[in-house]
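Asks: The structure that follows is given in the form of structure tokens.
The values are calculated or read from the model by the stated rules, or taken from the named source; none is laboratory data. Note that this is a predicted model, so its numbers are computed, not measured. Reconstructed Cβ throughout: ideal geometry from the backbone, glycine too, with neighbour counts over all protein chains shown.
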Amino acid sequence: MWEPIQSGTISMGSGDDYTLFFQSNYFRKPKELYLVGNSVRAIHKNEQEVVIDLQKDQLTKAPNDGRIQLEQVLREGDNIQFDFLIQMAERDRDHLYEIFDTDPVNLNQDENRAQVGMARSDEETPIIRIFYTIKYPTNMKELKLKITDYPHRIAEPFKVKIK
């Protein structure tokens with residue numbers, strides 16, 4: 001039986017090149033190996049960024065499914081906080097997603113990483129509230145955030161031969 005690693009790193013990489021790690025409870029090498037599933041969480045690569053207009057405090061780019069909404073923008077001292085609402089499917093009611101990378105795409109790497117908090121609603125339609133706080137980038141017109149995990153599924157069986 002092959003299964004994903006339960007604790008620790010399950011993938012690494014960048015861009016389109018990622019390595020997934022699996023572990024086995026058996027000590028033999030199989031002649032064939034397949035990755036099989038009924039659904040996969042995925043988003044089109046052209047929708048992997050959220051862009052926020054910092055002048056108008058509104059989203060100018062987000063995934064087409066409309067799940068992400070920018071509820072409010074708060075400026076306090078040197079910080080700016082973005083409050084997002086993410087609509088979830090019923091099957092994801094008990095899941096928490098780290099939607100955004102903590103390094104905004106268009107900020108220098110030496111800038112402070114974002115602090116991210118989240119809360120879950122108990123409403124009929126499950127909603128996650130994401131609080132994304134960074135040092136206010138005063139010389140920028142827009143902020144780009146990379147989506148790293150997103151509650152969208154392609155629900156079709158698949159089988160990929162690995163070996």
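Asks: Give just the number: which of (1) part of a loop (DSSP other than H, G, I, E, B); (2) buried (at least 16 other Cβ atoms within 10 Å of the Cβ) does N106 not satisfy?
Replies: (2)
Asks: Name the one entry in L143, L96 that is surrounded by 12 or more Cβ atoms within 10 Å (Cβ to Cβ), modelled with pLDDT of 90 or more and among the aliphatic types (A, V, I, L, M).
Replies: On the way: L96 fails: modelled with pLDDT of 90 or more.
After ruling out the rest, the residue left standing is L143.
Asks: Here's something else I'd like to know. Quick one: which residue in R75, R113 is within 18 Å of K141 (Cβ to Cβ) and among the charged types (D, E, K, R)? First the steps, then the outcome.
Replies: Details: R113 fails: within 18 Å of K141 (Cβ to Cβ).
Unique residue meeting the criteria: R75.
Asks: Consider V73 carefully, then state whether it is within 19 Å of the chain's Cα centre (by Cα) and either assigned to a strand (DSSP E or B) or not small (G, A, S) (or both).
Replies: Values: within 19 Å of the chain's Cα centre (by Cα): no; either assigned to a strand (DSSP E or B) or not small (G, A, S) (or both): yes.
Judged against the criteria, V73 is not a match.
Asks: Oh, and also: Please determine, by comparing only the residues of the stretch 112-140 that are more than 21 Å from D101 (Cβ to Cβ) and of a type in the set (V, I, T), which one is surrounded by the fewest Cβ atoms within 10 Å (Cβ to Cβ).
Replies: Selected residue: T138.
This table checks each residue for (1) at pLDDT 85 or above; (2) surrounded by 12 or more Cβ atoms within 10 Å (Cβ to Cβ).
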| site | (1), (2) |
| --- | --- |
| G15 | no, no |
| Y18 | no, no |
| Y26 | no, no |
| L35 | no, yes |
| N46 | yes, no |
| V50 | yes, yes |
| K61 | yes, yes |
| D65 | yes, yes |
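Asks: Another question, if that's okay. Just wondering, is there one or more residues in the stretch 81-88 that are farther than 21 Å from G66 by Cα, touching a residue at least 60 places away in the same chain (Cβ under 8 Å) and surrounded by 11 or more Cβ atoms within 10 Å (Cβ to Cβ)?
Replies: No.
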